[in-house]
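A short worksheet on the structure shown next.
The values are calculated or read from the model by the stated rules, or taken from the named source; none is laboratory data. Note that the structure is a prediction, hence the values are computed from the model and not measured. Using ideal geometry, Cβ is built from the backbone for each residue, glycine included, and neighbour counts are taken over all protein chains shown.
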Amino acid sequence: MPRLRVLLQCRRESLRSGGGEAQQIIRLREELLRRNVQADVSDDHAPRFDAYDIIHLFNITQPTETLVQALHAERYRKPLILSPIYQNLTIYDAEGRYGLARWAYRIVRDRRRVERIRDYVRALNDPSSWRSYWSVRHWSVDEQRKRVVELMDGFITNSHLEMEALRRDYGARGPYDVATYAVHPMFFAARPRVFFEGCKHQDYVICAGFISSLKNQLRLIRALRNTGLTLLLAGAKVRTHRSYYYRVRWEAARGDPRVLMMGRISQEELASAYAAAKVVVLPSWFETCGMACLEGAACGANVVITNRGYTREYFGNFAWYCDPSSVSSIRQAVLSAYEAPRRTDFAAYIRQHYTWERAAESAIELYREVLRLSSSRTVG
């Protein structure tokens, strides 16, 4: 069987940010290479595709660059695969945004108009994305997503729930497979000692992720007031959420609860911090998985996770769920998780079910299925 040649194409911002999307692409590529698949990564908007059998695109939550890449790939008549990383943020836009975006969504009733303005501002702030924005500016964000979905030959989703949402919202058709998010082996072996060298607090609550209104750290701080708990926030400031970041800092400076803002820390430091924590929490307005909670659980922490998104498919009965719009719901979930014994059985479940090896095998199966279907259509 000839060697499979795959190009993993992503947005420029995704690799720069180092978030969950970047981790997914990097880890998937590592496992594909181990399986003798030629797997290259590109954030170029118009690369040459002659050397590849299949093109694998990522992310339609912010679809502009993905659509430009898909339209370019269509000219080469190569099969296209999409990992949507799709989030329906309608409720977040209405209830969870902060600053100017909050007022824009409340004042302007046409959601599509607000999204056009937001994309325009994002393009102005990032000159590298201006060309992409300009080439598809005549489509709304919803129309861009729908067009991307229509161009695809197959889908690799992170859950069955995500594929259901994609079918419901954009009429997605074609074969799909689930390649779940996974946890790096170092998290299972993490020890708190490394982190304690720089922090003397023990059994705290940790929330890891970019400081943004989507991640909902402000409500988390307010939920933990008068509990006596220490909250550690590990995550960098986001350029588009600066006002929110400074409000989080102001709330943290009040001293109740005690909040330690660590900024961005290395994966090794993060693993050690998880191992020292009693609870890892993500009260986000939406999570496709909740990568930080998977990693924290692998280190032995109890999990509090949002009830929005596709989280139940990952966490089942192992987690405590909270409503991101409710301070009291977040508070009760965190206190319940903090007072409960550690769920060490979840780490064993994660080790068995959520691995990058399994994710890569699912991806390869779908690549080959789509190539077979493409070949049969060509012959027919």
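Things worth noting here:
- Which listed residue is out of contact with any Pro (no Cβ under 6 Å at 6 or more places or on another chain), buried (at least 17 other Cβ atoms within 10 Å of the Cβ) and at pLDDT below 95, from ALA319, ALA301, ALA273, ALA297: ALA273
- Among the residues of the stretch 188-243, the ones that are in a helix (DSSP H, G or I), over 17 Å from the mean Cα position of the chain (by Cα) and modelled with pLDDT of 95 or more come to 6 in all.
- The stretch 322-343, subset in contact with a helix residue (DSSP H, G or I) (Cβ under 6 Å, 6 or more places away or on another chain) and in a helix (DSSP H, G or I), residue surrounded by the fewest Cβ atoms within 10 Å (Cβ to Cβ): VAL327
- ARG372 passes every criterion in (1) out of contact with any Phe, Trp or Tyr (no Cβ under 6 Å at 6 or more places or on another chain); (2) in the same structural domain as VAL205 (by TED's automatic domain parsing); (3) without any contact (Cβ under 8 Å) to a residue 40 or more places away in the chain apart from (2).
- Yes/no for ILE364 being in contact with a helix residue (DSSP H, G or I) (Cβ under 9 Å, 6 or more places away or on another chain), of a type outside the set (Gly, Ala, Ser) and over 30 Å from GLN38 (Cα atoms): no
- As a summary of the residue check, TYR245 satisfies the conditions (1) farther than 18 Å from SER328 by Cα; (2) aromatic (Phe, Trp, Tyr); (3) in contact (Cβ under 8 Å) with a residue 60 or more places away in the chain except for the one numbered (3).
- Between ASP153, ASP126, ASP142, ASP177, the distinction of being modelled with pLDDT of 85 or more, acidic (Asp, Glu) and surrounded by fewer than 19 Cβ atoms within 10 Å (Cβ to Cβ) belongs to ASP142 only.
- Residue within the stretch 327-345 that is within 19 Å of the chain's Cα centre (by Cα) and either of a type outside the set (Phe, Trp, Tyr) or assigned by TED's automatic domain parsing to the domain that holds GLU295 (or both) present: no
- Looking only at the stretch 5-27, and only at residues there that are closer than 19 Å to ALA359 by Cα and touching a helix residue (DSSP H, G or I) at 6+ places or on another chain (Cβ under 6 Å), the one that is modelled with the lowest pLDDT: GLY20
- Considering (1) in a helix (DSSP H, G or I); (2) modelled with pLDDT of 90 or more, the lone condition that ALA101 does not fulfil carries the number (2).
- Residue under evaluation TYR367, criteria (1) in a helix (DSSP H, G or I); (2) under 18 Å from the mean Cα position of the chain (by Cα); (3) crowded, with 22+ Cβ neighbours inside 10 Å, criterion not met: (2)
- Residue check for ARG111: at pLDDT below 90, in the same structural domain as SER362 (by TED's automatic domain parsing) and either buried (at least 20 other Cβ atoms within 10 Å of the Cβ) or of a type outside the set (Asp, Glu) (or both): yes
- Residues located in the stretch 297-316, provided they are closer than 25 Å to PRO185 by Cβ and either out of contact with any Cys (no Cβ under 8 Å at 6 or more places or on another chain) or free of Cβ contacts under 8 Å to residues at least 12 places away in the same chain (or both): ALA297, ALA298, CYS299, GLY300, ALA301, ASN302, GLU313, GLY316
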